[in-house]
Amino acid sequence: MTLNQLMFVLFGLMLIVFGILTVTSRRILRAAVYLLFVLVSTAGLYFMLNYQFLAAVQLTLYAGGIVVLIIFSILLTSHISQKFEPVGLKKSIFSALAAITGAIVTIVTILDFQFSATAEAAREIDMKVIGKSLLATGRDGYVLPFEVISILLIAAMIAAIVVAKKGGPKKSVSDN
Amino acid sequence: MNAGIPLSYFLILAALMFFTGIYGFLTRRNLITILMSVELILNSVNINMLAFNRYLYPHKLEGFFFSLFVIAVAASEAAVAIAIIINIYRRFTTINVEDVNEMKY
């Protein structure tokens, strides 16, 4: 077993184990910390696929941004020592059945399918290529999705401020 | 970096992660944990697209940029979802999906 495969097995095990802990843990803050481990090992997989920029984005934006946002909202909305009630047996059995069936179907399809790679030479995606492609029109240009995503981010920021600001306790609702 | 690892290993890993997220989405009762399951699902899709880009079409950029945009969409989705969750908490003092069953006010 080479070092590559060892690292892949390590990241894969972390991903699966902490993913399952994320969706089954009965303490919400622990679930958020397990989610952090899942996101970090996903960034490790991006490094293994040789996409350094995306791994850095994953680490800063997901592990640094979204997880902190989630932890803050947990602190605002729930009590730390509170534990969830265990999921009903019937519900958890049927959900697990649905998930396992879907996973088996997908995995069998993946193993059955013959993927054929192209013979073209690989192209390294460095910062220069990313910057030029994001602002280029035409072939390999992504200026339209870039503009759309910038409008989406503005809209999301304004929407988050507006939604979180208004409201209050139920009695003062009628005067807005 | 990925020598000796077949493409299907990455795809199987992403599929397992995806269906872990589906399981959490179906069983969880708390809005924030449902949001965390959605993040798991989005991440597994990203792994898929990057693996396809690296193994099958290494001369193209589509998978890379699609996952970049998915990350941006996931960030804005988390921001709006958490704003809505905090608003719901103010109004109902709970974020359990079974207790939040009226939209009219």
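The values are calculated or read from the model by the stated rules, or taken from the named source; none is laboratory data. Given the structure is predicted, the values throughout are model-derived calculations rather than measurements. Here the Cβ positions follow ideal geometry from the backbone for every residue, glycine too, while neighbour counts run over all protein chains shown.
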Go over the candidates B:Val70, B:Val38 one by one and state the one that is surrounded by fewer than 20 Cβ atoms within 10 Å (Cβ to Cβ) and either under 30 Å from A:Thr137 (Cβ atoms) or facing chain A (nearest Cβ under 7 Å) (or both). B:Val70
Looking at segment B:54-65, which of its residues are buried (at least 18 other Cβ atoms within 10 Å of the Cβ) and more than 7 Å from chain A (Cβ to nearest Cβ)? B:Gly63
Could you list, in sequence order, all residues of segment A:108-126 that are among the aliphatic types (A, V, I, L, M), facing chain B (nearest Cβ under 9 Å) and more than 22 Å from A:Asp140 (Cβ to Cβ)? A:Ile110, A:Leu111
Filtered residues of segment B:54-97 (kept if out of contact with any strand residue (DSSP E or B) (no Cβ under 9 Å at 6 or more places or on another chain) and assigned to a loop (DSSP other than H, G, I, E, B)): B:Leu56, B:Tyr57, B:Pro58, B:His59, B:Lys60, B:Leu61, B:Thr93, B:Thr94
Filter result for A:Ile80 (of a type in the set (Val, Ile, Thr), loosely packed, with under 12 Cβ neighbours inside 10 Å, in contact (Cβ under 8 Å) with a residue 24 or more places away in the chain and more than 7 Å from every other protein chain (Cβ to nearest Cβ)): yes
Could you say whether any residue in segment A:3-20 is surrounded by 14 or more Cβ atoms within 10 Å (Cβ to Cβ), touching a residue at least 40 places away in the same chain (Cβ under 8 Å) and out of contact with any Gly (no Cβ under 9 Å at 6 or more places or on another chain)? no
Only one of these is at the interface with chain B (Cβ under 10 Å from one of its Cβ atoms), outside any loop (DSSP other than H, G, I, E, B) and modelled with pLDDT under 80: A:Val105, A:Val173, A:Val163, A:Val129. Name it. A:Val173
Filter result for the condition that a residue is surrounded by fewer than 22 Cβ atoms within 10 Å (Cβ to Cβ), under 22 Å from A:Ser78 (Cβ atoms), touching a residue at least 60 places away in the same chain (Cβ under 8 Å) and facing another protein chain (nearest Cβ under 7 Å), over B:Asn30, B:Asn96, B:Asn87: B:Asn30
If we ask which residues in segment B:1-27 are more than 7 Å from chain A (Cβ to nearest Cβ) and either among the polar types (S, T, N, Q) or within 16 Å of A:Phe84 (Cα to Cα) (or both), their number turns out to be 1
Regarding segment B:67-75, can at least one residue be identified that is of a type outside the set (Asp, Glu) and over 24 Å from A:Leu152 (Cβ atoms)? no
Looking only at segment B:41-53, count every residue that is crowded, with 23+ Cβ neighbours inside 10 Å and more than 14 Å from the chain's Cα centre (by Cα) and tell me the total. 2
Hey, does segment A:124-135 have a residue that's loosely packed, with under 15 Cβ neighbours inside 10 Å, under 22 Å from B:Glu77 (Cα atoms) and not assigned by TED's automatic domain parsing to the domain that holds A:Ala56? no
Give the number of residues within segment A:40-57 that are over 22 Å from B:Pro6 (Cα atoms) and facing another protein chain (nearest Cβ under 7 Å). 1
